[in-house]
Amino acid sequence: MELVFLAILVLVMATALASGYPVAFALPGSAIITIGLASGAGYLFAGDASAYFASGGPVQWLSAGVTNFRGVYWEVERDTLIAIPLFVFMGIMLQRSKIAEDLLVAMAQLFGPVPGGLGISVVFVGALLAATTGILGATVVAMGLISLPVMMRNGYSNALSSGTIAASGTLGQIIPPSIVLIILADQLSSAVDQADTARKALYKSSTGAFSMPSDLSVASTSAGDMFLGALVPGLLLVGIYMVFILIYALVWPSSAPSVKREGAYDSAFIASAFLTLIPPLALIFIVLGSIIMGIATVNQAGAIGAVGATVMAGYRLRAGERGAFIPAVLALGSLVAIGVITSLYSTNIKGDGDPFGITLAVIAVVIFLFAVGWSGWRTYRIEDTLRGVMVETAKTTSLVFIILLGAAMLTAAFRAFGGEELVRHFLTSLPGGFWAQFIMVMAVIFVLGFFLDFIEISVVVVPIVAPILLMDPAANVTAVWLGVMIGLNIQTSFLTPPFGFALFYLRGVAPKEVKTIEMYKGVVPFIVLQLIALVVVGLTPQLVNYLPQRISLLSDTAPPPINPRLQVCLEESLFPSYKTRESELRSAMSVARKLNVSFAPSELKSDFTSSIPKAEKTFDLVRNITKTEAVLKTASQKYLPLHVEVRTIQKKIATLKKEGRDLRQVISRSRRDKDLSEALRAERKTRVKQIDGRIKSLQASIPARWKSERKTFVTVQRANTAAHRKYQRNVDQAYEPVRELMKVIASTDALSKLQDEITGLDGVVNNLEAKKAELVVKALSIKMNKISGSRGISRHLRNTRRALRKRTPD
């Protein structure tokens, strides 16, 4: 019966969506109707409202809905969703202030003389608008109104023109910042938790160990990681579009002719193009650059983009009038001033900030806020732009959040009727392992793109299939890569008929001369190009993983012990050097033993003295690692075939045990069902006995030598791991004191220059007023903090300042 209600759930949802009923209400409505039918049928025919649920019941479903509601609106860990209204505001503000229109005109004039130049300019501007707006409707409508008539007047074929505009408008879904990526990151974060839990359970059942090594955990993802991962694939797609249009123009020049600019390429044109292109490019660089460089979170970057778009709209709405650029110049000048002030002065209000620097910084901040407020006032007064942008932002954001809640209710109902278990069983039973499952999921998402919107696919399909794909230890894929692949696949949903939203938007603004069938023909090549990009990214995961991993590798929070891959790289680089330079290094260590380090701080002197024997021990530890790795390699070659054989058997046993538990649960519940035939009861019991027999047969097929050989292999593996850890601890303790001592020696000259100031403090403290003397001591403290090994002097200076702050200074 659970499968019957699962089919009813899918049928009700499909019917509601096909009839044009709003998605925000179709998703939760279908869940509520089906849950109500199942509960009522269970109460009437079985005396239990939960009888026809695979797991839980209506109460558990309602609890899950409340939990999801709280998760969307109140959980601090999901604050990434705050970025959605900020990026929506930025995009709509740029579109309403006609900055997008200016971009299209300028780029068309620049690229016009190139074969297919108008088409290339549309793709280029589509990429720029994607990186500044991320709003598909606004981009397609803007380019359709401006570019399509120009392309038609200059002899471009209707199919190529409409296909180029529709495809370029979809770039906002994969080029960051993108609402799709934010939603995918939010959905994948919970999927990662489920997959990691499943991996731990699998590891425990397979090994008997209670804790799984962190190396085997599924790495979580964030909107920032998704932005970094999607950047290169997005640019790759832009390049593929441009190359296609250029080749098309060279092969069929009559369908995409070059267009010469009527005016001259003089200084006035260059200045106009500069003012049109540089501000949006600068905004893109600031928003994405602040995320990539770790200066701002995704939410903070969204706020930066919203403020930047408002400032740009402030001068664009007053274009050609006197004083149009004054607010923008004030905002830019104040930002430069803040940067200069913070680099020259300490502006820490709570700490030892410089009063003069803090005053200057406050003035610059006030000027910046005034400039932003002035720009906002302009957008409010001119054409009621600000109000329109706020209303559209509220509508779009509300729609997204309502769909998120509705999809959570639908997903909970899908799980309640055993849908997730059914999908998992289907995918895991496919021959070919992870890649067969992945290709099947991608094919389903591609087909769903013909009928569903990207939000529906993201919030309904991803929570169900992502945990299944990520939990497979043999896959070794990252959540970021999976999210970007799904994002690229979802992007095709905007172009595939009959419900391609980009086609709907373009059809609404296109002239009557452009037939709908021509639009469909025009998008077909671009759908193929998107699928090619999907295959390229799928076969080359480095295109996605390089930037996120590069940023994390370079961060201070990811040293080698936390990042095992970097540790392996370091060892592969250092071990040959240890071998070839052993005598040279030992000689240097012998010299280091005789060094006079009495000048160093006592703690550092002690650490340095004890570090020399540890450094000398390094060579023996490296040789030990070489031996254990050789033993491990030999043991692995012997053990691996047995491991694969037994793990395959154990996986089948685990699947059968799960099937047996589920069937026993069904039998237990069916005892209350008086209408159930005895033949069906007997059939289920027979199936349980068959499963138990199959399990015993599989268990008997496990080779008798399995436990002993596994124990031997684990012992060798642990010895190798212990050798590596012993080496890592030793070198950390051996060489860190040397680095610190080198810093102290390098700071000698800087300390010598401060000798007169230090020795002159006696006169300063005795001859000046307490407040003035404290300022002198404070200035010297700031200088001393930059010198290595000066903690003792800095401590005395702090004590002096405390004494001078007292009402009766000592």
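The values are calculated or read from the model by the stated rules, or taken from the named source; none is laboratory data. Fair warning: this is a prediction, and the values are worked out from it, not measured in the lab. Cβ sites come from the backbone with ideal geometry, for glycine too, and all protein chains shown count toward neighbours. Side chains included, ligands, DNA and RNA excluded: accessible areas come from the protein's heavy atoms. Shrake-Rupley method; radii C 1.70, N 1.55, O 1.52, S 1.80 Å.
Please go through segment 597-617 and pick out each residue that is within 25 Å of Arg581 (Cα to Cα), open to solvent by 70 Å² or more (accessible area, probe 1.4 Å) and without any contact (Cβ under 8 Å) to a residue 60 or more places away in the chain. Within segment 597-617, just Thr609 meets the criteria.
With respect to Ile745, is the statement that it is in a loop (DSSP other than H, G, I, E, B) and of a type in the set (Val, Ile, Thr) true? Considered against the rule, which asks whether it is in a loop (DSSP other than H, G, I, E, B) and of a type in the set (Val, Ile, Thr), Ile745 comes out as no. Of Ala166, Ala138, all but one fail to be at pLDDT below 80, surrounded by 22 or more Cβ atoms within 10 Å (Cβ to Cβ) and closer than 30 Å to Arg96 by Cα; the exception is Ala138.
Within segment 218-231, is even one residue modelled with pLDDT under 90 and exposed (fewer than 15 other Cβ atoms within 10 Å of the Cβ)? There is no residue in segment 218-231 that is modelled with pLDDT under 90 and exposed (fewer than 15 other Cβ atoms within 10 Å of the Cβ). All told, Ala337 falls short of being closer than 30 Å to Ser97 by Cα, touching a residue at least 60 places away in the same chain (Cβ under 8 Å) and either open to solvent by 80 Å² or more (accessible area, probe 1.4 Å) or part of a helix (DSSP H, G or I) (or both).
Note on segment 517-548: residues that are touching a residue at least 12 places away in the same chain (Cβ under 8 Å) and either open to solvent by less than 70 Å² (accessible area, probe 1.4 Å) or small (Gly, Ala, Ser) (or both) total 21. Of all residues in segment 740-780, exactly one satisfies the criterion of being closer than 30 Å to Thr609 by Cβ, among the small types (Gly, Ala, Ser) and surrounded by 15 or more Cβ atoms within 10 Å (Cβ to Cβ), namely Ser747.
Being free of Cβ contacts under 8 Å to residues at least 12 places away in the same chain and open to solvent by 60 Å² or more (accessible area, probe 1.4 Å) is the filter; apply it to segment 237-251 and report the residue that is nearest to Gln530 (Cα to Cα). Spell out the reasoning first.
Just the residues of segment 237-251 that are free of Cβ contacts under 8 Å to residues at least 12 places away in the same chain, to begin with: 239, 243, 247, 251.
Within this subset, residues satisfying the condition of being open to solvent by 60 Å² or more (accessible area, probe 1.4 Å) are 243, 247, 251.
Numbers: Val243: 13, Ile247: 17, Val251: 21 Å.
The residue in question is Val243.
Just to be sure, is Gly357 assigned to a helix (DSSP H, G or I), modelled with pLDDT of 75 or more and surrounded by 15 or more Cβ atoms within 10 Å (Cβ to Cβ)? Considered against the rule, which asks whether it is assigned to a helix (DSSP H, G or I), modelled with pLDDT of 75 or more and surrounded by 15 or more Cβ atoms within 10 Å (Cβ to Cβ), Gly357 comes out as yes.
Val731 satisfies every condition listed in (1) at pLDDT below 85; (2) farther than 30 Å from Asp620 by Cβ except (2).
Before we move on, is Glu571 in contact with a helix residue (DSSP H, G or I) (Cβ under 6 Å, 6 or more places away or on another chain), of a type outside the set (Gly, Ala, Ser) and at negative phi? Judged against the criteria, Glu571 is not a match.
Pick out the one residue from Thr496, Thr540 that is modelled with pLDDT under 80 and of a type outside the set (Phe, Trp, Tyr). Break it down into steps so the answer makes sense when it comes.
Details: Thr540 fails: modelled with pLDDT under 80.
Exactly one of Thr496, Thr540 is modelled with pLDDT under 80 and of a type outside the set (Phe, Trp, Tyr), namely Thr496.
Considering only segment 370-389, I want to know if a residue exists there that is open to solvent by 60 Å² or more (accessible area, probe 1.4 Å), under 31 Å from the mean Cα position of the chain (by Cα) and either modelled with pLDDT of 80 or more or charged (D, E, K, R) (or both). So far as segment 370-389 goes, no, none of its residues is open to solvent by 60 Å² or more (accessible area, probe 1.4 Å), under 31 Å from the mean Cα position of the chain (by Cα) and either modelled with pLDDT of 80 or more or charged (D, E, K, R) (or both).
Kindly evaluate Glu709 against the criterion of being among the acidic types (Asp, Glu), surrounded by 15 or more Cβ atoms within 10 Å (Cβ to Cβ) and touching a Ser or Thr at 6+ places or on another chain (Cβ under 8 Å). Please lay out each step first, then the result.
Details: among the acidic types (Asp, Glu): yes; surrounded by 15 or more Cβ atoms within 10 Å (Cβ to Cβ): yes; touching a Ser or Thr at 6+ places or on another chain (Cβ under 8 Å): no.
So Glu709 fails the test.
Condition (residue is part of a helix (DSSP H, G or I), of a type in the set (D, E, K, R), within 30 Å of Tyr52 (Cβ to Cβ) and open to solvent by 90 Å² or more (accessible area, probe 1.4 Å)) applied to segment 619-638: is it met by at least one residue? Outline the logic, then answer.
Pass one, segment 619-638, residues part of a helix (DSSP H, G or I): 619-638.
Filter once more, keeping what is of a type in the set (D, E, K, R): 620, 623, 627, 629, 633, 638.
If we keep only those that are within 30 Å of Tyr52 (Cβ to Cβ) too, we end up with none.
Within segment 619-638, none of the residues are part of a helix (DSSP H, G or I), of a type in the set (D, E, K, R), within 30 Å of Tyr52 (Cβ to Cβ) and open to solvent by 90 Å² or more (accessible area, probe 1.4 Å).
May I ask you to verify whether Ile787 is part of a loop (DSSP other than H, G, I, E, B), free of Cβ contacts under 8 Å to residues at least 60 places away in the same chain and either closer than 28 Å to Ile612 by Cβ or basic (Lys, Arg) (or both)? Even if it seems obvious, please write down each step before you answer.
Details: part of a loop (DSSP other than H, G, I, E, B): yes; free of Cβ contacts under 8 Å to residues at least 60 places away in the same chain: yes; either closer than 28 Å to Ile612 by Cβ or basic (Lys, Arg) (or both): yes.
Yes.
If only one of Pro280, Pro327 is crowded, with 23+ Cβ neighbours inside 10 Å and either touching a Lys or Arg at 6+ places or on another chain (Cβ under 6 Å) or under 22 Å from Leu228 (Cβ atoms) (or both), which one is it? First the steps, then the outcome.
Details: Pro327 fails: either touching a Lys or Arg at 6+ places or on another chain (Cβ under 6 Å) or under 22 Å from Leu228 (Cβ atoms) (or both).
Unique residue meeting the criteria: Pro280.
May I ask you to say which residue of Gly314, Gly289 is part of a helix (DSSP H, G or I) and in contact (Cβ under 8 Å) with a residue 60 or more places away in the chain? Steps first, answer last, please.
Details: Gly289 fails: in contact (Cβ under 8 Å) with a residue 60 or more places away in the chain.
Every option except Gly314 fails the conditions.
Remark: Ser346 falls outside the filter, which requires a residue to be of a type in the set (S, T, N, Q) and either buried (at least 18 other Cβ atoms within 10 Å of the Cβ) or over 30 Å from Ala779 (Cα atoms) (or both).
So which residues in segment 742-767 are aliphatic (A, V, I, L, M) and without any contact (Cβ under 8 Å) to a residue 60 or more places away in the chain?
Going through segment 742-767, the residues aliphatic (A, V, I, L, M) turn out to be 742, 744-746, 750-751, 754, 758, 761, 764-765.
Across segment 742-767, the qualifying residues are Met742, Ile745, Ala746, Ala750, Leu751, Leu754, Ile758, Leu761, Val764, Val765.
Residues of segment 694-741 that are among the basic types (Lys, Arg) and touching a residue at least 40 places away in the same chain (Cβ under 8 Å): Arg705, Arg710, Lys726. A Cβ distance below 8 Å, combined with a sequence gap of six or more or placement on separate chains, defines the contacts here; from segment 644-656, residues that are under 12 Å from Trp706 (Cβ atoms) and open to solvent by less than 50 Å² (accessible area, probe 1.4 Å) reach residues that are in a helix (DSSP H, G or I) and of a type in the set (Phe, Trp, Tyr) in the pairs Val646/Trp706. Being closer than 30 Å to Ala635 by Cβ, open to solvent by 60 Å² or more (accessible area, probe 1.4 Å) and of a type outside the set (Asp, Glu): is that true of Gln717 here? For Gln717, the condition - closer than 30 Å to Ala635 by Cβ, open to solvent by 60 Å² or more (accessible area, probe 1.4 Å) and of a type outside the set (Asp, Glu) - is met.
Which members of segment 296-329 meet the condition of being out of contact with any helix residue (DSSP H, G or I) (no Cβ under 8 Å at 6 or more places or on another chain) and over 18 Å from Gly373 (Cβ atoms)? Ala319, Gly320, Glu321, Arg322, listed by residue number.
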